[in-house]
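Colleague: Following this message is one structure expressed as structure tokens.
Bear in mind these aren't lab numbers, they're just calculated from the coordinates by the rules spelled out. All values reported here derive from a predicted model rather than from experimental measurement. No Cβ is skipped: glycine too gets one built from the backbone with ideal geometry, and neighbour counts run over all protein chains shown.
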Amino acid sequence: MTQAASPRPLDGVRVLDLSRVLAGPWATQALADLGAEVIKIERPGAGDDTRLWGPPFATTTEGERGDAAYFFAANRGKRSVTLDMANPEGAEIIRRLAADSHVVVENFKVGGLKKYGLDHAALSAINPALVYCSITGFGQDGPDAPRAGYDYMIQAMGGLMSITGQPDGSPGAEPMKVGVAVVDLFTGLYASNAILAALLRARETGAGAHLDIALFDVQAAMLANQATNFFVSGQAPTRMGNAHPNLSPYQPFPCSDGMVVIAVGNDGQYRALCGALGDAALGTDARFETNARRVENRTLLSPLLAGLTRRFAMAELMRALETAGVPCGPVNTVDQVFAERQAIHRGLTVEQPRADLATPIRTVASPIRVDGQACVHPTPPPALGQDTDAVLGELGLDVAALRARGVV
């Protein structure tokens, strides 16, 4: 993989990362990949909770258990500093770092950092141009603001689980969460977008910002067309399995050796699909000739198409559909994803050695490319506290003395 040459888009931007777990670290990893210096503050002796969220765990060069794979997913390109913010000296060091930073990201409960003098009001008084991003479950105000928020509960409360899973009456029917923590991930992306916008304003005006990003708000926004379907129709969407509420056919279909998703987006593609499957007459059947009719009659159409696709092997079907211009793709397992020729060509697997680990850390590349070059930070997720001496030494502090007093 060719990594983006310097200068990268965010070279010169310093981010002080007080967040942990996923939403905040996902945002700051995106900023790191774009070139920002990210200083991750972690609890002495423990660090980010996700260092322990395993198995699987990495193995150290001494054959011992290392960090959990979960931690690696969201912490590439950061400098790890262990500081006890509950210690007044530790909090003062964080304030000094914030004074020379452009961005602070935190995901403590509302008001949780005020007792340490690390809230927005305190840090913006020191650094008026500071972009301060607070990530919480429910936002900085409202009746639920004091509540903790976790991805799973927000998927439930925010409606995503009500539209995910098999429909009532089908085998295995129940509300279902998504296989990755999508609310945390979307929240991280919304946070990084907001941070970039606030940085632009700060550069133009010298005025910072307090960004209020809530998992619940993000989940509501993620409902997208399903929410507007409700607003227009007055009917709450329901679980439809793999079917699409507004398009048909748009779902997996069986082959002799697996499943292939067929994603028909218009009437021309539908007719091309039927031709490729050897039943051109089905493409002009009055019951199915428009998308609206196909959605209305999907329970009739899907079994007819499945009967045709079963005659094909996956590779054979995809060749026929690609030739006909019909969007399709295999239902891959995760290992198959990274074996795809396109994944290999695009360098989607990043491999980075870390001195304390027996094998290199493998993570997924950022999907962002600038001028044809991948934006991937060249350093791996850090060992706990590996940069404490260097970062605090840059402040002219006596790190040995701080360590003796339990501050770091």
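Colleague: Nearest 5 is fine: what % of DSSP beta bridges in the chain come out antiparallel, could you say?
Modeller: 45 percent
Colleague: Taking the simple approach of a point 7 Å from Cα along Cα-to-Cβ for both Q235 and R293, what is their distance in nm?
Modeller: The modelled label-to-label distance comes out at 2.0 nm.
Colleague: Related question: First select every other residue whose beta carbon is under 15 angstrom from the beta carbon of T50; then total the charges, Lys and Arg +1, Asp and Glu -1.
Modeller: Net of charged neighbours comes to 0.
Colleague: If you don't mind, there's one more thing I want to ask. Just the number: Rg to Rh for the range 297-408, Cα atoms, Kirkwood Rh, two decimals.
Modeller: Result: Rg/Rh = 1.28.
Colleague: Which of the GluC sites (Glu not before Pro) found in the range 285-384 are loop residues per DSSP with 16 or fewer other Cβ atoms within 10 Å of their Cβ?
Modeller: E289, E340
Colleague: Over the alpha carbons of the range 327-381, what is the largest minus smallest coordinate on each principal axis, giving the biggest first in Å?
Modeller: For the range 327-381, the Cα spread along each principal axis is 44, 30, 14 Å.
Colleague: Could you give the length gained by full extension between T59 and R405, i.e. 0.36 nm per residue of separation minus their alpha carbon distance, to one decimal place?
Modeller: 121.5 nm
Colleague: Another question, then. Could you work out the relative contact order of the range 336-408, using alpha carbon pairs under 8 angstrom and six or more residues apart, expressed as a whole percent?
Modeller: Numbers: 57 pairs, mean separation 12.4, N = 73.
After rounding, I find 17 percent.
Colleague: Starting from the 7 Å offset along Cα-to-Cβ, what nm value, one decimal, do you get for the label separation of T333 and T284?
Modeller: Going by the 7 Å Cα→Cβ label model, 4.5 nm.
Colleague: Continuing with the same structure: Between helix 23-33 and the chain, what is the angle of the helix's C-alpha long axis to the longest principal axis, kept within 0 to 90° and rounded to the nearest 10?
Modeller: 80 degrees
Colleague: On the first, second and third principal axes, largest extent first, how far apart are the outermost C-alpha atoms of the chain in Å?
Modeller: Rounded to whole Å, the extents work out to 81, 49, 42 Å.
Colleague: Quick one: plug the Kirkwood hydrodynamic radius of the range 14-144 (C-alpha pairs) into Stokes-Einstein at 25 °C, 0.890 mPa s, and report D in µm²/s.
Modeller: For these conditions, the coefficient is 159 µm²/s.
Colleague: To the nearest 10 degrees, how steeply does helix 182-205 sit against the main Cα axis of the chain, on a 0 to 90 scale?
Modeller: Approximately 60 degrees, to the nearest ten.
Colleague: Okay, next question. Go ahead and run the numbers for FRET between S256 and A145, Cβ-Cβ distance against an R0 of 60 Å, rounding to 0.05.
Modeller: The formula returns an efficiency of 0.65 here.
Colleague: Per residue of the chain, what 222 nm ellipticity follows from adding -39500 (n - 2.57) for every DSSP H run with n ≥ 4, rounded to the nearest 500? Mind showing how you got there, number by number?
Modeller: Numbers: 17 runs with 151 residues, N = 408.
Helix-only estimate at 222 nm: -10500 deg cm²/dmol.
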